[in-house]
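Let me begin by presenting the structure, written as structure tokens, before commenting on it.
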Amino acid sequence: MVEQGEVVQYCWDKCVGLYQLIPTEGDILQVLTTAARWGNIELARSCLLVLEEKGIAIKDYHLEALFEAIVTSHDWARMFEMLQHMRESGMGYERGLFKKLTRELVRGRGKRGNTPEGVYEIMRDVSAKYPLVAADGLVVNALLETMVIEGRLGEALEKTKEWFHELGIKRTLDTYHVLLQGCETDGNKTAAEVLFTSLRERDGLSPIPQTYTLMVNVCLSQKNYEDAFLFLEAMKAHNIVPPATLYVNMAKRCAVENDPRGARLLDEMRTIFGYRVSARVQQFVETGGRSEQRYIDDALGVRKSWPFPRYGSGSGSNNDTEWEMEPEPEPESVLPEEYSDNHGHVTDRDSSNSSSRDVKG
């Protein structure tokens, strides 16, 4: 089967090469997009040459398409060369540019060289020749995000310390958010608390709404979710408006637990911050989640579905009056010691002391 990229390449060669036609800038952008999607580096370069012949200034989005084509082709050394050239022109500093790197590494998982560790080694080796590629943590953050998506939070925490120290660059809020997303997925409250303290005390960073939201989500994944309210109050104490989704997630968790604070949370988000509460959410809280029982049963029996923790036996039971938390076996820890509890295990989901401290923003 002929792929779309091959068809576009064929038509481009006919138009530009054989018939010497001059495409419009819009046509060139369409071809650039195809070249980026299919990893056709030569087609992307040909588009840039035609742009120069037409006297059109090369913009950042033109070079980003070529960068994406290189990433899609998994030519990592060439990727760093391209990034160096872009940054010499003041481009290549957008976070979204490196989302493609994460996606390609996840997609190519298991293939030789397509690992965060392998890409980092290449970056380290070329950093002397291309110093701008390692001038900040954007590439490293993309590599760490790949590890988090792959379920390797413990390794990501270790590599964070190793790589940022080796490159001599500082961690950013994006670095911490990537790691906190891993803590949210794993329900690892101990590691999340260490990270939250580190971002403020070690790196002097100030939490933003996304930071607090991630911490609240981690707390809501525990059997004892009281600390979620501490982080909510910390946000308001620092004049940070809590997002509506945060209120909804907390209210839903309270509803499932028959916690009357769920209704108060909806009232607060509506009267104090002016958020609109949908009829669906209102009904969910008023009925203790029974208005969407089928969704809850699917979550309990199939997956760890946010914002509901894994209650019951996972059999999808319709018992909506009293659910017991099923104790989970404690896996052998692969986390660095500072992110584990005193016994070397990952965070205990049922910590009795979780609400006995204050959260300082």
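The values are calculated or read from the model by the stated rules, or taken from the named source; none is laboratory data. Keep in mind that this is a model prediction, so the values were computed, not measured. With ideal geometry, Cβ positions are generated from the backbone for all residues, glycine too; neighbour counts draw on all protein chains shown. The protein model used for the area step is the full one, side chains on, heavy atoms only, and it has no ligands, DNA or RNA in it. Shrake-Rupley method; radii C 1.70, N 1.55, O 1.52, S 1.80 Å.
In table form, for the structure just shown:
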item: Alpha carbon Rg of segment 126-267, scaled by the compact-globule rule 2.2 N^0.38 Å; result: 1.17
item: Amide H contacts under 5 Å for ASP259, placed H, 5+ residues apart; result: none
item: Cross-link pairs LYS159/LYS189; LYS59/LYS161; LYS59/LYS159; LYS59/LYS111; LYS111/LYS170; LYS14/LYS54 - those with Cα-Cα distance over 24 Å; result: LYS59/LYS161; LYS59/LYS159; LYS59/LYS111; LYS111/LYS170
item: Gain on full stretching of the segment that runs from TYR19 to ARG202 - 0.36 nm per residue minus C-alpha separation; result: 59.7 nm
item: Simple label model, 7 Å out from Cα along Cβ direction - LEU132 to THR245, nm; result: 3.4 nm
item: Sequence of ARG87, ARG95, ARG261 from largest to smallest accessible area, 1.4 Å probe; result: ARG95, ARG261, ARG87
item: Surrounding net charge for THR245, when Lys and Arg each add one and Asp and Glu each subtract one, Cβ distance under 15 Å; result: +3
item: Stretchable slack from ARG290 to HIS85, in nm (0.36 nm times residue separation minus alpha-carbon distance); result: 68.1 nm
item: Chain lengthening between GLU53 and GLU158 when straightened (0.36 nm per residue, less Cα-Cα); result: 32.9 nm
